[in-house]
1. In whole percent, what relative contact order does segment 178-284 give with Cα contacts below 8 Å and a gap of six or more residues?
2. Sort the following peptides by mean Cβ neighbour count (other Cβ atoms within 10 Å, averaged over residues), highest first: 159-171, 193-205, 266-278.
3. In whole Hz and in residue order, list the ³J(HN,Hα) couplings for segment 271-283 that follow from phi through the Karplus curve 6.51 cos²θ - 1.76 cosθ + 1.60, θ = phi - 60°; x for Gly and Pro.
4. Would you calculate the separation in nanometres between label points at LYS48 and ARG217, each defined as 7 Å from the Cα along the Cα-to-beta-carbon direction?
5. In whole percent, what relative contact order does segment 11-230 give with Cα contacts below 8 Å and a gap of six or more residues?
6. With a/c under 1.5 counting as rounded, go ahead and sort segment 111-223 into rounded, prolate or oblate using the C-alpha gyration tensor (a ≥ b ≥ c being the square roots of the eigenvalues; past the cut-off, prolate if a/b is larger than b/c, else oblate).
7. Just subtract the alpha-carbon distance of GLN257 and VAL135 from 0.36 nm times their residue separation and send over the number in nm, one decimal.
8. Once amide H atoms are built 1.01 Å from N in the peptide plane, which residues 5 or more positions from ILE139, or in another chain, come under 5 Å H to H?
Amino acid sequence: MDTKQGIRETYYESARRKGYSRRDFMKFAAFITAYMGLDHTLIGQVAKSMESNFRLPIIWEHYQECTCCSESFIRSSHPIVADIILDTVSLDYTETLMAASGHQAEAAKHDTMEKYKGEYILCVEGSVPMGENGVFCTIAGKTALDHLKEAAEGAKAIIAWGSCATNGCVQGAKPNPTGATPINKIITNKPVINMPGCPPIGEAMAALIVHYVTFDRLPELDRAGRPKAFYGKRVHDTCYRRPYFDAGLFAETFDDQNAKEGYCLYKLGCKGPTTYNACGSMKWNGGVSFPIESGHGCIGCSEANFWDNGPFYKRLGSTPGFGIESTADTVGKVATGAVVAGLTAHAVAANVSKYKELKNRYTRGRINEEKLDKNE
């Protein structure tokens with residue numbers, strides 16, 4: 001990345017130029033290491049990489065979307081995310097945030113594509129319309145498909161931000177009039193990392209970029225091409241309302257007393273049991289809250305075809321798993337039955353054990369008496 005003086009900077013040099021202290025930088029290294037799900041012993045490695053590696057050239061394209069991914073990114077709870085990571089983007093190309101426009105903007109993008117061919121990361125926000133020859137999204141006289149193929153050709157890797165880019169989101173919902181298509185269905189000869197969500201969590205987005213900077217490779221991905229660090233657990237597994245689910249305590253309406261008490265929202269359509277994301281652990285707005293904590297059930301936005309997976313306010317027929325996670329109607333009974341059965345089994349086992357102990361004592365006593373009789 002070139003500064004105004006034409007000198008390529010590292011992330012640390014950029015931070016110091018912008019007025020951040022060494023202490024601020026190390027706090028950021030610790031912050032982002034934690035969000036990457038790495039052990040604290042790797043903070044030094046992350047800091048060293050950002051001190052020695054040049055800032056990663058990034059081209060950020062926008063197609064069919066609402067720009068919520070960019071909004072999420074710039075509202076990260078740590079200022080260096082926006083000031084340093086995003087600054088990397090704005091110096092190259094991002095239609096939403098860069099100062100240039102028109103021909104100047106396109107010239108900036110092509111300059112980066114030529115100068116850093118094979119080195120830059122292509123970030124894509126939005127789906128690509130394939131219907132009617134792509135006329136639904138035309139930029140600078142070319143379709144989104146043309147822009148994507150051109151930018152992807154020299155990219156080192158591609159990050160698909162948000163549900164629009166990873167699964168089509170609302171544009172791809174039936175009957176999908178524009179032919180909205182996810183990025184990984186179009187670009188098949190380059191590594192594509194999917195970061196679904198409407199939008200994805202800003203800190204997770206920044207952590208993904210820093211992971212690439214630190215290790216020069218993609219993080220471990222799941223079968224859907226999502227980083228396991230952020231999509232390895234269900235929202236259900238980290239939800240603070242989970243104990244209420246296990247106890248069979250549910251809100252019946254959004255404004256009943258159970259809802260006010262914080263009971264589980266499963267009966268109101270919460271898709272947390274089938275949705276993989278870090279919402280419950282990382283949260284939003286500086287770790288303040290996430291949709292379920294704000295009183296609304298999860299709509300499953302990080303899962304494919306979530307717009308077509310049934311009404312948002314209709315509960316799931318059953319939850320995946322086993323044991324007490326059968327249905328909302330029986331979970332309480334099963335949980336209670338399991339507790340009673342457990343106590344009963346424990347009581348029976350205790351009685352059997354006690355009986356055996358008494359029997360052994362009696363037997364030992366009889367043997368000792370017989371020995372005494374013989375000695376006499």
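Just so it is clear, none of the values below were taken in a lab; they were calculated from the coordinates. Nothing here was measured: the structure is a model prediction, and the numbers come from that model. Because the Cβ atoms are built from the backbone with ideal geometry, glycine has one as well, and the counts that use them run over all protein chains shown.
1. Details: 115 pairs, mean separation 26.1, N = 107.
Computed over segment 178-284, the figure is 24 percent.
2. Values: 159-171: 27.3, 193-205: 25.6, 266-278: 23.0.
The peptides rank, most packed first, as 159-171, 193-205, 266-278.
3. Listing the rounded values in order: 9, x, x, 10, 10, 9, 5, 9, 3, x, 9, 8, 6 Hz.
4. 1.7
5. Numbers: 382 pairs, mean separation 49.0, N = 220.
It comes to 22 percent, rounded to a whole number.
6. Details: a/c = 2.20, a/b = 1.30, b/c = 1.70.
Cα axes put segment 111-223 in the oblate bin.
7. Numbers: separation 122, 0.36 × 122 = 43.92 nm, distance 5.07 nm.
Extra length available between GLN257 and VAL135 comes to 38.9 nm.
8. The list, which skips near neighbours in sequence, is ALA144.
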